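Undergrad: I'd like to ask you about the structure that follows.
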Amino acid sequence: GDDGCNDNGGHSLDNTPGKLFYPILVPDEPVRAMECERIFKQFKVSVNQEVDRGVRLINHYVRTMLLLATESPFRDVRQRFSDFLLWAREELGIVIPKPSAGPSTFFPRETVPSLDNTQAMVGQLMEEIFLIWGRVPHYMVVMGVHPSFLRVFHTAYEFIMRQTGPLPVIWRHFLALMAASRHRCHYLVWLHERLFLEADGPQEWLGGMDAVPKKLANLLQVNAVLAHQPWLMTREHIEGLVRGADSWSIGELVHAFVILSTFHALSDLVW
């Protein structure tokens, strides 16, 4: 959703799509309503001060707002962002992208959980996931066909990606990127690029491995082995990572391997 707009015109609008909308990620509808109106007011103030700049700002966030208008599990969020996008299209001539055709090209839409008419357990899970991440990834929507599996997967995912552990959050998302890249899984690469940036990860890391810490870059060979021929992993691979300069602790390495293995497996599910 980034159109290259780096000028926020002095307003408190973050340039990372997603972070601007964190205040709406609360369970109370009145608070969500208040925060939505505050965000919309900021956009409109920017438009009133200088139309072209205001339009650039709205275009900068339009894909994120479209996601909220079409894929939030909260009906009130969908309605408010749909109304705002309608205003932006009719009053400012902003082109609204075509929404996603659905969470899967393999499963008919009617076979996966809908945003409104779904089992109570699935609906609760979707809301929990949205309040944490600001989105419900499409593969998790499909997993909702098997609610008990989605619950276990979500718990494990939260544990390795967000909860207390030896690796910084930006490293976790970068490891997810590394794993998904081995399988050319474009959706997971796109998703974790966004999450990496939203966690204040350095933009330059996304330009190539030469820009990342050597400790992370040292995992390239092991990532390839784990992705394609895990039976070829040897003691020497581990020793090379836990000894010498830029070495990993055993706890860090276990955490990294769990993340890499999780996203290698997930890349085979997601396409």
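The values are calculated or read from the model by the stated rules, or taken from the named source; none is laboratory data. Everything numeric here is computed off the predicted structure, so don't read it as measured data. Glycine also receives a Cβ, built like all others from the backbone with ideal geometry; neighbour counts cover every protein chain displayed. Keep in mind that these areas ignore ligands, DNA and RNA; they rest on the heavy atoms of the full protein, side chains included. Shrake-Rupley method; radii C 1.70, N 1.55, O 1.52, S 1.80 Å.
Undergrad: Among (1) surrounded by fewer than 19 Cβ atoms within 10 Å (Cβ to Cβ); (2) touching a Leu at 6+ places or on another chain (Cβ under 8 Å), where does PHE159 come up short?
TA: (2)
Undergrad: Could you go through region 30-37 and let me know if any residue there is under 22 Å from VAL95 (Cα atoms), modelled with pLDDT under 95 and either touching a Pro at 6+ places or on another chain (Cβ under 9 Å) or open to solvent by less than 30 Å² (accessible area, probe 1.4 Å) (or both). Steps first, answer last, please.
TA: Pass one, region 30-37, residues under 22 Å from VAL95 (Cα atoms): 36-37.
Next, from what is left, pick out any that are modelled with pLDDT under 95: none.
Checked region 30-37: no residue is under 22 Å from VAL95 (Cα atoms), modelled with pLDDT under 95 and either touching a Pro at 6+ places or on another chain (Cβ under 9 Å) or open to solvent by less than 30 Å² (accessible area, probe 1.4 Å) (or both).
Undergrad: Sticking with this structure for a sec: Residue by residue through region 125-149, note down the ones that are open to solvent by less than 30 Å² (accessible area, probe 1.4 Å), touching a residue at least 60 places away in the same chain (Cβ under 8 Å) and in a helix (DSSP H, G or I).
TA: Scanning region 125-149 gives PHE130, TRP133, TYR139.
Here is a yes/no grid of residues against (1) open to solvent by 30 Å² or more (accessible area, probe 1.4 Å); (2) touching a Pro at 6+ places or on another chain (Cβ under 7 Å); (3) within 22 Å of GLY134 (Cβ to Cβ):
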| residue | (1), (2), (3) |
| --- | --- |
| VAL47 | no, no, no |
| GLY54 | no, no, no |
| ARG63 | yes, yes, yes |
| LEU68 | no, no, yes |
| GLU71 | yes, no, yes |
| PHE74 | no, no, yes |
| GLN79 | yes, no, yes |
| SER82 | yes, no, yes |
| GLU91 | yes, no, no |
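Undergrad: Let me ask you something else. Tell me which residues, restricted to region 221-256, are within 30 Å of GLY144 (Cβ to Cβ) and touching a Leu at 6+ places or on another chain (Cβ under 7 Å).
TA: ASN223, LEU226, HIS255, ALA256
Undergrad: Suppose we filter GLY244, GLY251 for residues that are farther than 24 Å from GLU193 by Cα and in a helix (DSSP H, G or I); which single one remains? Lay out the reasoning, then the answer.
TA: Working: GLY244 fails: in a helix (DSSP H, G or I).
GLY251 is the lone residue from the list that is farther than 24 Å from GLU193 by Cα and in a helix (DSSP H, G or I).
Undergrad: Output the residue which, of all residues in region 93-119 that are of a type in the set (A, V, I, L, M) and open to solvent by less than 60 Å² (accessible area, probe 1.4 Å), is farthest from ILE58 (Cα to Cα).
TA: Step one: of region 93-119, the residues of a type in the set (A, V, I, L, M) are 94-96, 101, 112, 115.
Then drop every residue that is not open to solvent by less than 60 Å² (accessible area, probe 1.4 Å), which leaves 94, 96, 112.
On the way: ILE94: 8, ILE96: 10, VAL112: 32 Å.
The qualifying residue farthest from ILE58 (Cα to Cα) is VAL112.
Undergrad: While we're looking at this one, here's another question. When you look at PRO23, is it open to solvent by less than 50 Å² (accessible area, probe 1.4 Å) and within 24 Å of ALA199 (Cβ to Cβ), yes or no? First the steps, then the outcome.
TA: On the way: open to solvent by less than 50 Å² (accessible area, probe 1.4 Å): yes; within 24 Å of ALA199 (Cβ to Cβ): yes.
Considered against the rule, which asks whether it is open to solvent by less than 50 Å² (accessible area, probe 1.4 Å) and within 24 Å of ALA199 (Cβ to Cβ), PRO23 comes out as yes.
Undergrad: Now, a different point. For ARG63, only one of the following conditions fails: (1) more than 24 Å from TRP190 (Cβ to Cβ); (2) of a type outside the set (Val, Ile, Thr); (3) part of a helix (DSSP H, G or I). What is its number?
TA: (1)
Undergrad: Quick test for you: out of VAL152, VAL122, pick the one residue that is farther than 25 Å from SER249 by Cβ and either touching a residue at least 60 places away in the same chain (Cβ under 8 Å) or open to solvent by less than 20 Å² (accessible area, probe 1.4 Å) (or both). Steps first, answer last, please.
TA: Numbers: VAL152 fails: either touching a residue at least 60 places away in the same chain (Cβ under 8 Å) or open to solvent by less than 20 Å² (accessible area, probe 1.4 Å) (or both).
None of the other options fit; the residue is VAL122.
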